[in-house]
Amino acid sequence: AQSVTQLDSHVSVSEGTPVLLRCNYSSSYSPSLFWYVQHPNKGLQLLLKYTSAATLVKGINGFEAEFKKSETSFHLTKPSAHMSDAAEYFCVVRNYGGATNKLIFGTGTLLAVQP
Amino acid sequence: GAGVSQTPSNKVTEKGKYVELRCDPISGHTALYWYRQSLGQGPEFLIYFQGTGAADDSGLPNDRFFAVRPEGSVSTLKIQRTERGDSAVYLCASSSFGGDTDTQYFGPGTRLTVL
């Protein structure tokens, strides 16, 4: 079975400093991995996805993530945080096999950005 | 174009009552998913429709939960004899055809509160 573990429930950074949100995955197969962002009272928005192409994936709003098979990690980074980045971030793996491509979510990391 | 919409945005009900939650997917999307997000958790899969049929309902917690998609577009999640533990945000997502390269697009959710 596939799963993801988000290593930090809360991360706080200052505006203009780098962001690192950590995610480890578990999968018996080559996984499809995603990062979604959820702003308060808004729907989940896809930031980026990895589906076995380039290991460095660039997403929207300056975010990127690197797939590292040797470390089973898919950490999300951004060089310089903006106030508007404050939100909850979910690392997600797609279920492999069976009748559905359902998504399996981590427990989320709440990112706070201090002025 | 229009995204996934869900109605109502908020629903407050009393224990033991029946509720219906509606999802309008993106036009033309054949795959539709329901997820449930409890407080402080990531979304969890409930049910997946491919067209009019439920291809995977393995995430429904018990037989009080039921969902339909009679014409392959709008879906309704139905909860009978609601319990306080059903309180959560119910999310709907749709994708083009349910394939493993699809992106799932999420609606804003319905926040259900059972008193």
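Can you tell which of B:Lys11, B:Lys78 is open to solvent by 70 Å² or more (accessible area, probe 1.4 Å) and touching a residue at least 40 places away in the same chain (Cβ under 8 Å)?
Values: B:Lys78 fails: open to solvent by 70 Å² or more (accessible area, probe 1.4 Å).
Being open to solvent by 70 Å² or more (accessible area, probe 1.4 Å) and touching a residue at least 40 places away in the same chain (Cβ under 8 Å) holds for just one of B:Lys11, B:Lys78, which is B:Lys11.
Where in the range A:67-115 are there strands (runs of 3 or more DSSP E), lying wholly inside it, with at least 3 residues that are at pLDDT 95 or above, in contact with a Cys (Cβ under 7 Å, 6 or more places away or on another chain) and of a type in the set (Ser, Thr, Tyr)? Talk me through it step by step, then tell me what you get.
Values: elements: A:73-78, A:87-94, A:103-105, A:109-114.
Strands (runs of 3 or more DSSP E) meeting the threshold: none at all.
Please state which of the following conditions A:Lys49 fails to meet, knowing it meets all the rest: (1) within 14 Å of another protein chain (Cβ to nearest Cβ); (2) open to solvent by less than 40 Å² (accessible area, probe 1.4 Å).
A:Lys49 satisfies all of (1) within 14 Å of another protein chain (Cβ to nearest Cβ); (2) open to solvent by less than 40 Å² (accessible area, probe 1.4 Å) except (2).
Out of B:Gly107, B:Gly40, which single residue is at positive phi, of a type outside the set (A, V, I, L, M, F, W, C) and facing chain A (nearest Cβ under 8 Å)? Don't jump to the end; show me each part of the working.
Values: B:Gly107 fails: at positive phi.
After ruling out the rest, the residue left standing is B:Gly40.
Among the numbered criteria (1) open to solvent by 50 Å² or more (accessible area, probe 1.4 Å); (2) touching a strand residue (DSSP E or B) at 6+ places or on another chain (Cβ under 7 Å); (3) touching a residue at least 24 places away in the same chain (Cβ under 8 Å); (4) of a type outside the set (D, E, K, R), which single criterion is violated by A:Phe90?
Result: A:Phe90 passes all but (1).
Which pairs turn up if I take residues in the range A:1-27 that are of a type in the set (Lys, Arg) and look for partners that are outside any loop (DSSP other than H, G, I, E, B) with beta carbon separation below 6 Å, at least 6 apart in sequence or on another chain?
Filtered contacts from the range A:1-27: A:Arg22/A:His75.
Considering only the range A:88-115, state which residues are within 14 Å of chain B (Cβ to nearest Cβ) and over 30 Å from B:Ala55 (Cβ atoms). Outline the logic, then answer.
Let us first name the residues in the range A:88-115 that are within 14 Å of chain B (Cβ to nearest Cβ), namely A:88-110.
Across the range A:88-115, the qualifying residues are A:Thr109, A:Leu110.
Out of the residues in the range B:14-37 that are surrounded by fewer than 17 Cβ atoms within 10 Å (Cβ to Cβ) and assigned to a strand (DSSP E or B), state the one that is farthest from the other protein chains (Cβ to nearest Cβ).
For the range B:14-37, the residue satisfying everything is B:Glu20.
Could you pull out the residue among A:Ser73, A:Ser26 that is crowded, with 17+ Cβ neighbours inside 10 Å, of a type in the set (S, T, N, Q), closer than 30 Å to B:Ser58 by Cα and away from chain B (no Cβ under 14 Å)? If you could, list the steps in order and put the result at the bottom.
Working: A:Ser26 fails: crowded, with 17+ Cβ neighbours inside 10 Å.
After applying the criteria, what remains is A:Ser73.
When you scan the range B:51-75, how many residues do you find that are in a strand (DSSP E or B), surrounded by fewer than 16 Cβ atoms within 10 Å (Cβ to Cβ) and away from chain A (no Cβ under 14 Å)?
Residues flagged as in a strand (DSSP E or B), surrounded by fewer than 16 Cβ atoms within 10 Å (Cβ to Cβ) and away from chain A (no Cβ under 14 Å) within the range B:51-75 amount to 2.
Kindly indicate whether A:Ser84 is open to solvent by 20 Å² or more (accessible area, probe 1.4 Å), among the small types (Gly, Ala, Ser) and away from chain B (no Cβ under 14 Å).
Numbers: open to solvent by 20 Å² or more (accessible area, probe 1.4 Å): yes; among the small types (Gly, Ala, Ser): yes; away from chain B (no Cβ under 14 Å): yes.
Here the answer is yes, as A:Ser84 does meet what is asked.
The values are calculated or read from the model by the stated rules, or taken from the named source; none is laboratory data. Fair warning: this is a prediction, and the values are worked out from it, not measured in the lab. Don't worry about glycine lacking a Cβ; one is built from the backbone with ideal geometry, like all the others, and counts go over all protein chains shown. The protein model used for the area step is the full one, side chains on, heavy atoms only, and it has no ligands, DNA or RNA in it. Shrake-Rupley method; radii C 1.70, N 1.55, O 1.52, S 1.80 Å.
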